[in-house]
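Have a look at the structure below, then the notes.
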């Protein structure tokens, strides 16, 4: 298994300039909102909120929102975006909230950074009210193995896959936390995606040639991609884009299982 760097170390290192390429994507916001159904007077928690892009937009849809992150650099970028959100420097392994307090919770593209998922899920279950919903956006290794990025950055993608909890791990961990998994909803990357995370360039391969885009993607920044692989992979990618071979590469990796996965769980009444 790949040794995980701490969430704090990873996101303190990429926090500055993160928002240059990272935005709240409307389709992701819409799906998260559909899953947790925020109400005007409800209490909601965004776990590992980063720079607060999704928290800020979700909070405008209704409810009182709290958001936690381990990176002060990320939170420093988040706080100016919304005075209505309560921002907390806090570890997901030990949530400093009362039990049965929140009406819903979200966690977007972050569970792979937790040292393990059992304790954060138990903590989230603890602070949720009975009947409350928990919406996760993540990717499973089986999906990531089909990213065409593997063609150019195989070492990085192998390490990235190894740190991702798989479907059965997530189901088992949520169950141990006392949460019931109600839905899996695949998410397909389109050219309209506004948030430039790992596979955001699925249909726009040229974006990976931009250093500013790679700077906002943890897999390119946390040591998974060594300098030689990065240099060689970018050179090959640039040649394939120029020569139009990239379309053949993309076809070889196409599949119908979704690129990412939304997961909806609920705390029993």
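The values are calculated or read from the model by the stated rules, or taken from the named source; none is laboratory data. What you see is a predicted model; the values in this text were computed from it and never measured. Here the Cβ is made from the backbone with ideal geometry for all residues, glycine too, and neighbour counts use every protein chain on show.
Would segment 255-263 turn up any residue that is within 26 Å of residue 54 (Cα to Cα), in contact with a strand residue (DSSP E or B) (Cβ under 6 Å, 6 or more places away or on another chain), at pLDDT 95 or above and assigned to a helix (DSSP H, G or I)?
The answer is no, given that none of the residues of segment 255-263 is within 26 Å of residue 54 (Cα to Cα), in contact with a strand residue (DSSP E or B) (Cβ under 6 Å, 6 or more places away or on another chain), at pLDDT 95 or above and assigned to a helix (DSSP H, G or I).
Any chance segment 110-128 includes a residue that's under 30 Å from residue 203 (Cα atoms) and at pLDDT below 95? If you could, list the steps in order and put the result at the bottom.
Pass one, segment 110-128, residues under 30 Å from residue 203 (Cα atoms): 110-114.
After this cut, where a residue has to be at pLDDT below 95 as well, the list is 113.
Taking every residue of segment 110-128 in turn, at least one turns out to be under 30 Å from residue 203 (Cα atoms) and at pLDDT below 95.
Identify, please: which residue in segment 50-73 is under 14 Å from the mean Cα position of the chain (by Cα), in contact (Cβ under 8 Å) with a residue 40 or more places away in the chain and not in a helix (DSSP H, G or I) and is, among those, surrounded by the most Cβ atoms within 10 Å (Cβ to Cβ)?
69
Quick check on my filter: what residues within segment 99-132 are in a strand (DSSP E or B) and either buried (at least 23 other Cβ atoms within 10 Å of the Cβ) or free of Cβ contacts under 8 Å to residues at least 24 places away in the same chain (or both)?
102, 104, 105, 106, 107, 108, 128, 132
Counting only residues that are assigned to a helix (DSSP H, G or I), out of contact with any strand residue (DSSP E or B) (no Cβ under 7 Å at 6 or more places or on another chain) and in contact (Cβ under 8 Å) with a residue 40 or more places away in the chain, which one in segment 168-178 is farthest from residue 112 (Cα to Cα)?
Within segment 168-178, the match that is farthest from residue 112 (Cα to Cα) is 176.
Within segment 184-205, can you find the residues that are assigned to a strand (DSSP E or B) and either surrounded by 19 or more Cβ atoms within 10 Å (Cβ to Cβ) or at positive phi (or both)?
Selection gives 187 alone.
All but one of (1) within 17 Å of the chain's Cα centre (by Cα); (2) modelled with pLDDT of 95 or more; (3) more than 22 Å from residue 26 (Cα to Cα) hold for residue 190, so report the exception by its number.
Evaluating residue 190 over (1) within 17 Å of the chain's Cα centre (by Cα); (2) modelled with pLDDT of 95 or more; (3) more than 22 Å from residue 26 (Cα to Cα) leaves (3) as the failure.
Find the residue count for segment 154-167, including only residues that are assigned to a helix (DSSP H, G or I) and either at pLDDT below 95 or under 23 Å from residue 223 (Cβ atoms) (or both).
Of the residues in that region, 9 qualify.
Any idea which residue in segment 74-98 is surrounded by the most Cβ atoms within 10 Å (Cβ to Cβ), counting only those that are in contact with a helix residue (DSSP H, G or I) (Cβ under 8 Å, 6 or more places away or on another chain) and in a helix (DSSP H, G or I)?
Ranking the qualifying residues of segment 74-98, first place goes to 74.
Within the group 213, 181, 249, which residue is on the phi < 0 side of the Ramachandran plot and in contact with a strand residue (DSSP E or B) (Cβ under 8 Å, 6 or more places away or on another chain)?
Working: 213 fails: in contact with a strand residue (DSSP E or B) (Cβ under 8 Å, 6 or more places away or on another chain); 249 fails: in contact with a strand residue (DSSP E or B) (Cβ under 8 Å, 6 or more places away or on another chain).
It is 181.
Across segment 245-254, which residue is nearest to residue 186 (Cα to Cα) among those that are in a helix (DSSP H, G or I) and touching a helix residue (DSSP H, G or I) at 6+ places or on another chain (Cβ under 6 Å)? Give the derivation first.
Narrowing segment 245-254 to residues in a helix (DSSP H, G or I): 246-252.
After this cut, where a residue has to be touching a helix residue (DSSP H, G or I) at 6+ places or on another chain (Cβ under 6 Å) as well, the list is 246, 249-250.
Working: 246: 25, 249: 22, 250: 19 Å.
If we take residues in segment 245-254 being in a helix (DSSP H, G or I) and touching a helix residue (DSSP H, G or I) at 6+ places or on another chain (Cβ under 6 Å), then 250 is nearest to residue 186 (Cα to Cα).
Buried (at least 19 other Cβ atoms within 10 Å of the Cβ) and not in a loop (DSSP other than H, G, I, E, B), is that true of residue 242?
Working: buried (at least 19 other Cβ atoms within 10 Å of the Cβ): no; not in a loop (DSSP other than H, G, I, E, B): yes.
No, not satisfied.
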